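Have a look at the structure below before the remarks.
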Amino acid sequence: MCNSARRVFVTMISVFIGLIFIGFVGSKKAYADVDYDRAVNAAYASENKTITLTLPWDDDYFDAQYVKFTPAADGYYELFLYNPYGIPNVDDVWYDIYPSVDDAYLQQNDEEWINNTYLIDQTAKWKLVSLKKGRTYYVRVGCCSSNSSYNTYRFMYKRHSHSWTRTDYEKGSFEYSGSADWECESCNQRKMEFYPMMNKVVLSRTSAVYTGSVIRPLITVKDVDGKNVNASNYTVSYSNNRNVGRAKVTVSGIGNYTGRKTVTFKIYPKATTVTKVTRAKKAFTVKWKKQAAQTDGYQIQYSKNKNFRSGTKTVMVKNNKTVSRKITKLKAKKKYYVRVRTYKKAGKAKYYSSWSRAKSVTTK
Ligand SMILES: [Zn+2]
């Protein structure tokens with residue numbers, strides 16, 4: 001053979017051997033079969049602790065190694081796998097629930113492991129998985145070369161706490177609903193929060209009687225769906241809520257809410273009582289208890305009708321110190337009913353107390 005023919009021959013042999021080698025490596029990368037004995041007998045990994053896996057050498061190639069672990073709680077976990085020599089070459093990794101040896105059919109997990117960016121080791125790969133408490137999960141690690149640096153891997157699992165970053169945000173208010181979009185910086189999970197429009201402020205009572213102290217009805221805020229808005233989303237302030245008149249309640253959005261709404265309730269003067277009614281000729285004198293606080297005066301009603309439904313006359317007493325009044329020009333020997341209430345002017349409106357109990361009197 002001449003030199004050139006010899007070179008061609010050697011080249012062909014090299015290519016042939018090369019092709020065999022590629023085929024060999026390629027077939028070993030798949031790890032189609034699970035070694036159940038190894039899986040069942042795998043070492044247990046503890047949460048947050050690195051466990052070293054030494055890939056076994058079977059006959060003429062590396063075989064897969066297994067590790068198992070049982071999460072203590074439901075939730076997201078980060079699984080880490082890395083080669084301590086900085087060879088980030090995790091060719092074949094999977095996990096699955098492995099209920100029993102007989103039923104041991106473990107499925108390849110297609111999800112990619114993610115190159116580590118911030119975690120335990122710069123060469124680590126990791127993935128986020130949602131796991132169930134008390135179940136046993138298996139991880140199989142396989143690799144690809146006879147280089148001894150490739151047969152050592154480290155595995156760790158730990159609880160994942162999402163580190164949410166808000167990517168979009170609009171507060172809710174009394175005019176519109178709001179929402180927020182969140183994304184976990186490390187695993188890219190997303191979530192959305194919705195802040196339904198605050199629709200109605202409901203007071204525990206819409207009227208009250210003057211007591212001398214501030215009056216604060218309880219507040220419930222309903223959203224557009226009629227559900228209660230959590231009280232942490234607003235503050236409540238009261239004004240003009242001691243004296244007779246129209247008291248104000250202002251609800252202001254805080255946190256994920258903004259804007260304000262004011263509602264009112266009425267405070268009426270305290271009532272009085274009729275203390276005595278004295279008969280007279282075609283007349284009577286009515287006396288009542290003085291009610292000076294937050295009262296401008298009194299209103300007297302009398303009628304021959306017990307329920308004041310007909311023929312009722314009204315008399316205003318415009319001084320709160322006046323506590324009796326003689327009613328004249330009545331019919332003789334007739335039974336009259338009389339009652340008194342207080343009033344106070346606040347703003348443009350007059351606020352009246354409830355009526356006293358009626359007393360009856362028969363004229364002479
Ligand atoms: Zn996350």
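Only residues that are closer than 17 Å to K345 by Cα and of a type in the set (S, T, N, Q): list them for the range 273-305, please.
Once the filter is applied, which keeps residues that are closer than 17 Å to K345 by Cα and of a type in the set (S, T, N, Q), the range 273-305 yields Q291, Q294, T295, Q299.
Evaluate the following for V202: is it over 30 Å from Y343 (Cβ atoms) and at pLDDT 95 or above? Spell out the reasoning first.
Details: over 30 Å from Y343 (Cβ atoms): no; at pLDDT 95 or above: yes.
Spelling it out, it is not the case that V202 is over 30 Å from Y343 (Cβ atoms) and at pLDDT 95 or above.
Which residues, counting only those in the range 159-192, are of a type outside the set (G, A, S), more than 16 Å from the ligand (Cβ to nearest atom) and surrounded by 12 or more Cβ atoms within 10 Å (Cβ to Cβ)? Of everything in the range 159-192, those that are of a type outside the set (G, A, S), more than 16 Å from the ligand (Cβ to nearest atom) and surrounded by 12 or more Cβ atoms within 10 Å (Cβ to Cβ) turn out to be Y169, E170, K171, F174, Y176. Within the range 136-148, does at least one residue satisfy the condition of being away from the ligand (no atom under 16 Å from the Cβ), modelled with pLDDT of 95 or more and more than 30 Å from N240 (Cα to Cα)? Looking for residues that are away from the ligand (no atom under 16 Å from the Cβ), modelled with pLDDT of 95 or more and more than 30 Å from N240 (Cα to Cα), one finds none in the range 136-148, hence no. Selection of the range 295-310 for residues being hydroxyl-bearing (S, T, Y) and either closer than 18 Å to A332 by Cα or free of Cβ contacts under 8 Å to residues at least 24 places away in the same chain (or both) yields Y302, S303, S310. For the range 311-332, does any single residue satisfy the condition of being within 13 Å of F284 (Cβ to Cβ), crowded, with 18+ Cβ neighbours inside 10 Å and in contact (Cβ under 8 Å) with a residue 60 or more places away in the chain? Among the residues of the range 311-332, not one is within 13 Å of F284 (Cβ to Cβ), crowded, with 18+ Cβ neighbours inside 10 Å and in contact (Cβ under 8 Å) with a residue 60 or more places away in the chain, which makes the answer no.
Among the residues of the range 302-317, those that are under 60 Å from the mean Cα position of the chain (by Cα) and either over 18 Å from S356 (Cβ atoms) or of a type in the set (S, T, N, Q) (or both) comprise S303, N305, N307, S310, T312, T314.
Considering only residues that are free of Cβ contacts under 8 Å to residues at least 60 places away in the same chain and more than 58 Å from the chain's Cα centre (by Cα), which ones fall in the range 333-364? Passing the criteria: K333, K334, K335, Y336, Y337. Looking at the structure I just gave you, is S213 assigned to a helix (DSSP H, G or I) and more than 16 Å from the ligand (Cβ to nearest atom)? No, not satisfied.
The values are calculated or read from the model by the stated rules, or taken from the named source; none is laboratory data. It should be emphasised that the depicted structure is a prediction, and the values quoted were computed from it without experimental measurement. Positions of Cβ are backbone-derived with ideal geometry, glycine not excepted, and every protein chain shown enters the neighbour counts.
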